[in-house]
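What follows is a set of notes on a single structure, which appears directly below.
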Amino acid sequence: MEKRALVRRYGRLYSEELGINLNGGRSGEVFKWFLASVLFGAPIREKNAKKTFRIFMKNRVDSPDAMLKTGRNGLVRLLDNGGYTRYDFKTADKLLEMSKNLKEKYESDLDILYSKSLTEEEIEQNLMGLSEGIGKITVEIFLREMYGTWKVSPKHTPPAVKTAKRLNIRLGKKFDKRLDVALIRYAHETRKKVRKKE
């Protein structure tokens, strides 16, 4: 498939799909995307991560204060409704620790974390330092779509690089988040088709 056609068909950002507007750079929207990234970073189906995020938004659990107010049992209930039954308590604890640290260290504002980080490596370390269990995958997902909102230089993810090679698509030196997302979505779709045939 040709690059433009691929991006046109598969290049809708996950943040856009979830109704998060990162273009204005508002801290509330940035937090929502970080929450979504934490959910996507768990070893769980993508559709369950999206469903769970929407349940959080419907219940207005969309800020560190709202997380802390909801508490462990309330978060577990929301996570269970979204399909996180195997990871409910673990994820609830992660979200509470993340919210507590974000509130205490950065005034509940990820943009303050960003402004206090002197290098991109420090941004990554500070994000992972918000809670045990926030790892490189979550941070990669988050920073990929923060490109253009924050001054970061993410690299194309390994699944995107692998798919680009398979499709003979040349990846430029400048990061293209829509192309990265398109390659990942295309890889997911082709895997699903293969599984159905089997």
Any idea which of (1) over 10 Å from the mean Cα position of the chain (by Cα); (2) crowded, with 19+ Cβ neighbours inside 10 Å; (3) of a type outside the set (D, E, K, R) is the one SER27 doesn't satisfy? (2)
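If the requirement is being surrounded by fewer than 16 Cβ atoms within 10 Å (Cβ to Cβ), at negative phi and modelled with pLDDT of 95 or more, which of these qualifies: ILE112, ILE134?
None of the other options fit; the residue is ILE112.
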For region 60-91, name all the residues that are acidic (Asp, Glu), touching a residue at least 24 places away in the same chain (Cβ under 8 Å) and within 14 Å of ALA49 (Cβ to Cβ). none
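Here's the yes/no breakdown for (1) at pLDDT below 95; (2) within 19 Å of the chain's Cα centre (by Cα):
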residue	(1), (2)
ARG4	yes, no
SER15	no, yes
LEU22	yes, yes
PHE31	no, yes
ALA36	no, yes
GLY71	no, no
GLY74	no, no
LEU79	no, yes
ARG86	yes, no
Region 56-71, residues that are among the charged types (D, E, K, R), farther than 16 Å from LEU102 by Cβ and surrounded by 15 or more Cβ atoms within 10 Å (Cβ to Cβ): none
Note on LEU118: of the conditions (1) surrounded by 14 or more Cβ atoms within 10 Å (Cβ to Cβ); (2) in the same structural domain as ARG26 (by TED's automatic domain parsing), unmet is (1)
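Only one of PHE142, PHE175 is surrounded by fewer than 18 Cβ atoms within 10 Å (Cβ to Cβ), within 30 Å of MET1 (Cα to Cα) and in contact with a Ser or Thr (Cβ under 8 Å, 6 or more places away or on another chain). Can you tell me which?
The unique qualifying residue is PHE175.
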Residue count for region 44-57, restricted to those that are within 14 Å of THR85 (Cβ to Cβ) and touching a residue at least 40 places away in the same chain (Cβ under 8 Å): 1
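The values are calculated or read from the model by the stated rules, or taken from the named source; none is laboratory data. Model, not experiment: these values are computed from the prediction. Here Cβ is always computed from backbone atoms with ideal geometry, including for glycine, and neighbour counts include all displayed protein chains.
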